Amino acid sequence: MAELDIEKAEELEKKYDSGLQTRVIGPYLVKFTYYFSILFAAYHYVTAGIGVPIDYWHMGSHMAGVMVLVFIGFPAFRGKQAGQLRSNSWWIYGNVPIWDWLLIVAGVASAYYVGITWYEIDFEFLGGRFQLSDQVMRQGNPATIDVVFGTILIVVLLEAVRRTLGIIVPIIIGMFIVYAVFGMYMPFQILKHPGVNWELFINNMYFPEEGIFGVTLWIVSTVVFHFVLFGILAQRMGLGQFFVDVATVAAGRYTGGLAKVSVVSSAFFGTISGSSIANTVSTGSLTIPNMKRMGYPGHLAGGVEAASSAGGQITPPIMGAAAFVMAEFLAVPYTTIILAALVPASMHYVGVMSIVHFKAKRLGSERYACF
């Protein structure tokens, strides 16, 4: 049986997962991102053990770090230039153009602005006086500078989402923004509402407790990040091959053996990935070719792997980010979500396993067993 090719799996994952389609960067920038990523991860794990800073500083630090990595690693437009290392000039360094550096500066500044201006600011500079009351006193009546930084953060975040997830999500967000601000101009009476001005919209989206600095960012920065990083480390350490080997021993001797190996290995791998795409390319790069070599039709081999890997999103303990959001909104321990997910996850894999078994029987595939 073939060995799992980690490099091939990573290439497939980059090809089909837009979140991994990064650009080539210069050697010094590679070192910077490497050490920055280590410090970024260490910050989260250390604060998880000793306690996080004040909310707006902690969430701002997480958001700032993510934006640094996103705008360094993801090009504005994917193409041949993203895979080519261009020489440094006045407008580009390490293959990162000047507008991406400006987006990094703008994103980091707007992420930390809330913490910097949380308490009253009053100082004189170059003969002028700058005064800003406490943030709690500006709730509902944001200052002009609040609106400026809030607008910048929304624009930068939308661009970051577009680069990592594609254009669809920013379009959906943009439609809801338009609906919130221009509700009085909606064409149908059932859709109309008084609307809000831009200042109030920024107030709700930018200031903590609601919008960007709300519960979702808090969950991601304090819980989700740690689980996801653990899963990625486990995946890169070679657990994919281990799971395939265990699944081969457990299911390979039965009818439809290799297809059942695909189901069982996907179930094992789903416990550490929380991602259907990562699950598919990691186990599928081995199980699909093996199924085809044993006589399975190509569409059946691919379908079995895709259906099996889809369960990675709901397989505990490391599931998709929605599981952590559910725990926070329902105010229940994450272990409760894990226990609740065991039932649908088990039903999913039992269902796929049953389909594989009866399909193999129908094809007369006793010969499809591994041994």
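The values are calculated or read from the model by the stated rules, or taken from the named source; none is laboratory data. Not measured: the values here are computed from a predicted model. Positions of Cβ are generated from backbone atoms using ideal geometry, with glycine treated the same way; all protein chains shown enter the neighbour counts.
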Evaluation of Thr287 against (1) closer than 30 Å to Ala41 by Cβ; (2) at pLDDT below 80 (one fails), failing number: (1)
Search result, residues across region 278-315 that are touching a Leu at 6+ places or on another chain (Cβ under 6 Å), closer than 21 Å to Leu233 by Cβ and either in a loop (DSSP other than H, G, I, E, B) or of a type in the set (Val, Ile, Thr) (or both): Val281
Region 59-97, subset touching a strand residue (DSSP E or B) at 6+ places or on another chain (Cβ under 7 Å) and of a type in the set (A, V, I, L, M, F, W, C), residue surrounded by the fewest Cβ atoms within 10 Å (Cβ to Cβ): Trp91
Conditions (1) among the basic types (Lys, Arg); (2) surrounded by 14 or more Cβ atoms within 10 Å (Cβ to Cβ); (3) over 28 Å from Glu328 (Cα atoms): number failed by Lys192: (2)
